[in-house]
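Working notes for the structure below.
The values are calculated or read from the model by the stated rules, or taken from the named source; none is laboratory data. For clarity, every value in this text was computed on a predicted model and none was experimentally measured. All Cβ positions, even for glycine, are placed from backbone atoms using ideal geometry, and neighbour counts span all protein chains on display. Just so you know, the surface numbers come from the protein's heavy atoms only, side chains and all, with ligands and any DNA or RNA stripped out. Shrake-Rupley method; radii C 1.70, N 1.55, O 1.52, S 1.80 Å.
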Amino acid sequence: MSTPFRLRGLSKCCCISSFTLLNRRNERVLPLILQNRYMLRTHYISYSQVNNENSNNKTKRKNKLEGYWLDGFQTPKPMQKRKFPPFIHNLLVRLAKAFGYYDLPVQAIRITRELYQMCSKHYDDNKEFYIGACGLPDSFQTWFSVTLLHIWMLMVRFRVENEGKIFMQQLVNHLFEDAEWRMREDYGITSNSIIRHYIKDLLNQFHGGVMAYDEGMCKDDPVLAAALWRNILVTEGSTHNMACLVKHVRHELQRLDHLSYESIIEGKIQFRKPEITL
């Protein structure tokens with residue numbers, strides 16, 4: 001049983017998974033860490049008042065209804081970088097090197113986490129195009145297909161680098177870790193066997209999509225359009241929307257090709273919004 005932890009203000013929230021956080025209105029708060037901010041998922045309880053008329057007086061009785069969660073975002077205050085004496089600083093650097101903090105695989109996990117979040121956020125920021133213009137359903141499958149497309153574009157850029165294979169693998173790991181988390185948290189799937197079945201199906205979609213996009217990139221626009229139609233649009237959208245998506249992919253691949261390797265690993269990139277007009 002979790003221990004209640006009194007929370008005076010949301011801005012001073014600390015994320016401790018073994019505690020139940022309570023705000024000033026005694027509402028449970030579930031903290032989730034996102035990129036550069038905290039998502040506080042607050043549990044509200046709604047009540048309905050029912051009037052019971054007696055012979056002499058009127059009484060009000062409250063019926064407790066089912067609770068619901070409401071998400072709110074809280075950006076933490078910027079923390080000042082702590083300065084240590086030179087001796088302590090050198091000691092900490094040596095300990096970090098000894099434990100592998102500066103090793104390339106560990107750095108790749110941190111760098112690709114921000115790159116992956118940029119790919120995953122692209123769908124949420126451009127629903128006007130994917131949902132509104134293309135007519136795609138706002139579903140888990142649409143999110144996965146659009147996110148996979150933009151991860152593939154980053155993978156194409158990393159292929160020309162000597163250390164690109166490590167970054168490509170970590171991007172894929174983040175994708176499937178996030179997909180599993182969404183299945184459990186957003187859709188309430190708790191069975192490990194069902195999740196493994198869906199992950200296996202998503203893995204097949206990943207390999208098929210990467211091969212189809214590679215073929216379309218190396219050949220011409222009709223081949224790329226056919227790959228986008230099979231993996232994203234399926235039976236929705238029009239030829240105009242498909243042409244806009246092909247244009248978006250070509251422009252983003254060209255822009256990534258002109259960016260330096262240092263700019264990419266420093267996170268100085270952002271996918272542009274797909275244009276509805278050609």
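Filtered by the rule that a residue be modelled with pLDDT of 90 or more and open to solvent by less than 40 Å² (accessible area, probe 1.4 Å), the range 245-270 gives Leu245, Val246, His248, Val249, Glu252, Leu253, Leu256.
Taking the range 131-152 only, how many residues are part of a helix (DSSP H, G or I) and either of a type outside the set (Phe, Trp, Tyr) or free of Cβ contacts under 8 Å to residues at least 60 places away in the same chain (or both)?
To start, the set of residues in the range 131-152 that are part of a helix (DSSP H, G or I) comprises 131-133, 140-152.
Next, only the ones that are either of a type outside the set (Phe, Trp, Tyr) or free of Cβ contacts under 8 Å to residues at least 60 places away in the same chain (or both) stay: 131-133, 140-143, 145-151.
Count: 14.
All of Tyr187, Tyr130, Tyr198 fail the test of being out of contact with any strand residue (DSSP E or B) (no Cβ under 9 Å at 6 or more places or on another chain), open to solvent by less than 10 Å² (accessible area, probe 1.4 Å) and hydroxyl-bearing (Ser, Thr, Tyr), apart from Tyr130. Scanning the range 105-125 for residues that are under 14 Å from the mean Cα position of the chain (by Cα) and open to solvent by less than 60 Å² (accessible area, probe 1.4 Å) turns up Thr112, Leu115, Tyr116, Gln117, Met118, Cys119, Ser120, His122, Tyr123.
Comparison of Gln141, Gln169 shows that the only residue that is of a type outside the set (Gly, Ala, Ser), under 23 Å from Asp257 (Cα atoms) and open to solvent by 50 Å² or more (accessible area, probe 1.4 Å) is Gln169.
Among the residues of the range 153-196, those identified as in a loop (DSSP other than H, G, I, E, B) and without any contact (Cβ under 8 Å) to a residue 40 or more places away in the chain are Arg159, Val160, Asn162, Gly188, Ile189, Thr190, Ser191.
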